[in-house]
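Okay, so here's the structure we're looking at.
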Amino acid sequence: MTEQDKSEFTKALAELYIKRRQEWWSTVEIVKEMRQKPTSTYPQVVVSQHYQNKVKSTAKWDQLVEVIELLPADFKEAIMLEVARIE
């Protein structure tokens, strides 16, 4: 793997990291807001759908974090530096 390949790989994973974290956080916020309102506010179908979205986004986020944890230390560090730079 060339240095350019490593750089592109790091950038792609950093962007995916941010995307998955934002997706996860959005679903958590939606479910949190729904729980704070009376249960009669939303139909049960809507509540179930948002809960399923939360479960899916949590799984995606967890899988990505696990993959990053399996990478060599230099990749992990580079990814986190790129995440910090993007933010």
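Every number here is computed from the coordinates shown, using simple stated rules; none is lab data. Values in this document were obtained by computation on a predicted structure and should not be read as measured data. Here the Cβ is made from the backbone with ideal geometry for all residues, glycine too, and neighbour counts use every protein chain on show.
Just tell me which lysines come within less than 22 Å, Cα to Cα, of Lys60; anything on the same chain fewer than 8 places away is out. By straight Cα distance, Lys60 reaches Lys11, Lys19, Lys32, Lys76. Model label sites at Phe75 and Asp62, defined 7 Å from Cα along the beta-carbon direction, differ in position by 2.2 nm.
Rounded to the nearest 500, the 222 nm mean residue ellipticity of the chain from helices alone is -30500 deg cm²/dmol, with -39,500 (n - 2.57) taken per DSSP H run of at least 4 residues.
Farthest toward the positive end of the dipole of the chain, out of Leu81, Thr27, Val47, is the Cα of Val47, where the dipole comes from beta carbon charges about the Cα centre.
Relative protection proxy for 57-64, 28-35, from highest mean packing down: 57-64, 28-35 (other beta-carbon atoms within 10 angstrom). Using only the C-alpha atoms, the convex hull of the chain corresponds to 93 Å³ per residue. Simple point charges give the picture: +1 on the Cβ of Lys and Arg, -1 on the Cβ of Asp and Glu, and for the chain a dipole about the Cα centre of about 620 debye.
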